[in-house]
Amino acid sequence: MSLPELLIIAAGLSMDAFAVSICKGLSMKTMSWKNAVIVGLYFGGFQGLMPAIGYLLGSQFREAIVSVDHWIAFALLVLIGLNMVKESRSQEVECTDCSVAFANMILLAVATSIDALAIGVTFAFLQVRILAAVTMIGCVTFLLSMAGVKTGNVFGVRYKSKAELAGGGILILMGLRILCEHLFS
């Protein structure tokens with residue numbers, strides 16, 4: 001998998017964290033860069049850690065399912081993408097407070113990075129340099145989460161659903177590309 005493809009996946013995965021960061025920023029009366037960095041570190045750290053864990057788990061089963069790995073990668077990416085698209089269409093308002101306390105942030109970081117765990121399993125079946133992948137995912141999420149706090153503080157939640165829709169679309173397209181590349185090469 002090339003670096004531009006990893007960058008696209010990183011951007012797609014970071015959309016949940018970006019959307020929650022927008023809500024965090026919305027709840028802050030005044031923008032604090034210290035809080036934005038804290039939010040970015042939690043979300044970026046977990047988004048980088050979860051694919052590494054998924055990769056380690058997936059590597060244990062690689063030999064047993066190598067003949068269908070492209071279907072597994074396709075299914076996981078499309079399911080995650082469709083779930084993000086569904087969430088983008090939801091009218092449910094997510095409530096967050098402006099707290100960046102440990103308990104609050106850990107729950108949000110885990111919740112927004114579960115998709116990254118599944119992507120890590122997918123990476124185990126593909127030609128992926130895992131260190132480069134998790135570094136890129138973590139860094140992109142860190143930066144977009146900080147930008148999300150600022151965006152939320154300035155614009156509110158207007159763009160939350162658009163971010164989730166874009167992220168879901170990106171993951172679906174990457175899944176289709178992996179499947180087509182395998183079937184037609």
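Of the residues Gly148, Gly167, Gly175, the single one that is open to solvent by less than 30 Å² (accessible area, probe 1.4 Å) and at pLDDT 90 or above is Gly148.
Taking helices (runs of 4 or more DSSP H) as the structural unit, no element lying wholly within the range 1-68 holds at least 3 residues that are touching a residue at least 60 places away in the same chain (Cβ under 8 Å), touching a strand residue (DSSP E or B) at 6+ places or on another chain (Cβ under 6 Å) and crowded, with 24+ Cβ neighbours inside 10 Å.
For the range 111-128, the count of residues that are within 19 Å of Glu164 (Cα to Cα) and either touching a Phe, Trp or Tyr at 6+ places or on another chain (Cβ under 7 Å) or modelled with pLDDT under 80 (or both) is at least one. Scanning the range 126-185 for residues that are outside any helix (DSSP H, G or I) and under 21 Å from Trp33 (Cα atoms) turns up just one, Gly156.
The values are calculated or read from the model by the stated rules, or taken from the named source; none is laboratory data. None of these values were measured; they are calculated from a predicted model. No Cβ is skipped: glycine too gets one built from the backbone with ideal geometry, and neighbour counts run over all protein chains shown. Calculation scope for accessible area: heavy atoms of the full protein, side chains included, ligands and nucleic acids excluded. Shrake-Rupley method; radii C 1.70, N 1.55, O 1.52, S 1.80 Å.
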